[in-house]
Amino acid sequence: MKLELSRYTKRAIFGGILSMLVIGLGTFMLGHLSGYEAKVLIKNSLAGINTLCNTIVLASATILALLLTVLGLSSGANSQLKPDHYKHIMQIAKVDTVVFVASLLSFLLFNLPITESESVSPEWFAPVYYISLGVTSILSAALIVVVLMLYNTVINIIKIVGLGMKDHPLAEAEDDE
């Protein structure tokens, strides 16, 4: 089964990649860290990382619930919307579910007391720090993708249902019925 991406989804993915590059640039500007410096940074950033993961979990769960509202509105206008509209909603739900699970797992992993362990070698702290930055930037970018995809869907519904645009690519033409 081939995954076909609409221009809206491609645009959302581009936005997520762009945000990830900005976060990556910030990481690059930090330069190389020693094990001790990384351990201190991990200790200082863990609360923020946990808050970020928790926020992404809550946001993705809320978005998934709100998709039910979008489906309700869409089904009320099902004679006006093409099946591609529902495929977009399924894509949002799939990506959002992946973001939810990945954020929850990351939240659990980042709660391990690695900086308190005496058996962890100091050389491990720099890679762990960079991995934590990478994971949080990917999760943040993924949530941005989901929000942009949802935004595009909402705008399309407003154009088709609210404004009655008959020439929209996702609107059923009168002769299609």
Given a Förster radius of 35 Å and the C-beta distance between Val161 and Lys43 as r, what FRET efficiency does 1/(1 + (r/R0)^6) yield to the nearest 0.05?
-> 0.10
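Ignoring ligands, DNA and RNA, please state the percent of accessible area on the chain from carbon and sulfur, probe 1.4 Å.
71 percent
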May I ask you to compute the full-extension gain from Ile131 to Thr97, defined as 0.36 nm times their residue separation minus their alpha-carbon distance, rounded to one decimal in nm?
-> 10.0 nm
Where does each of Ser75, Ser121 land when they are ordered by accessible area, with a 1.4 Å probe and the largest first?
-> Ser75, Ser121
Ranking by accessible area, most exposed first, for Phe110, Phe14, Phe100, Phe125 with a 1.4 Å probe = Phe14, Phe100, Phe110, Phe125
Among Ile131, Asn152, Ser74, which residue has its Cα positioned farthest towards the positive end of the charge dipole of the chain, with +1 placed on the Cβ of Lys and Arg, -1 on the Cβ of Asp and Glu, and the dipole taken about the Cα centre?
-> Ile131
When the helix-only estimate is applied to the chain (DSSP H runs of n ≥ 4, each -39,500 (n - 2.57), divided by the residue count), what is the mean residue ellipticity at 222 nm, nearest 500 deg cm²/dmol?
-> -26000 deg cm²/dmol
Between Leu66 and Asn50, what is the label-to-label distance in nm when each label sits 7 Å out along the Cα-to-Cβ direction?
-> 2.7 nm
Taking mean projected area of the Cα convex hull in nm² as the quantity of interest, determine which of (i) 15.5; (ii) 10.1; (iii) 12.3 was computed from the displayed structure.
-> (iii)
To the nearest 20 debye, what charge dipole does the chain have about its Cα centre, counting +1 at the Cβ of each Lys and Arg and -1 at the Cβ of each Asp and Glu?
-> 200 debye
Please arrange Glu172, Glu37 by accessible surface area, largest first, computed with a 1.4 Å probe and ligands excluded.
-> Glu37, Glu172
Set Lys87/Lys166; Lys10/Lys43; Lys10/Lys159; Lys10/Lys39, cut-off 28 Å on Cα-Cα distance; pairs above it are Lys10/Lys43; Lys10/Lys39
Between Leu5 and Leu104, the two model label points (7 Å from Cα along the beta-carbon direction) sit apart by a distance in nm of 2.6 nm
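The values are calculated or read from the model by the stated rules, or taken from the named source; none is laboratory data. Everything numeric in this text was worked out from a predicted model, so none of it was measured. Cβ: placed from backbone, ideal geometry, glycine included. Neighbour counts: every protein chain shown. Each accessible area value is taken on the protein alone, full model and side chains, heavy atoms only, with ligands, DNA and RNA left out. Shrake-Rupley method; radii C 1.70, N 1.55, O 1.52, S 1.80 Å.
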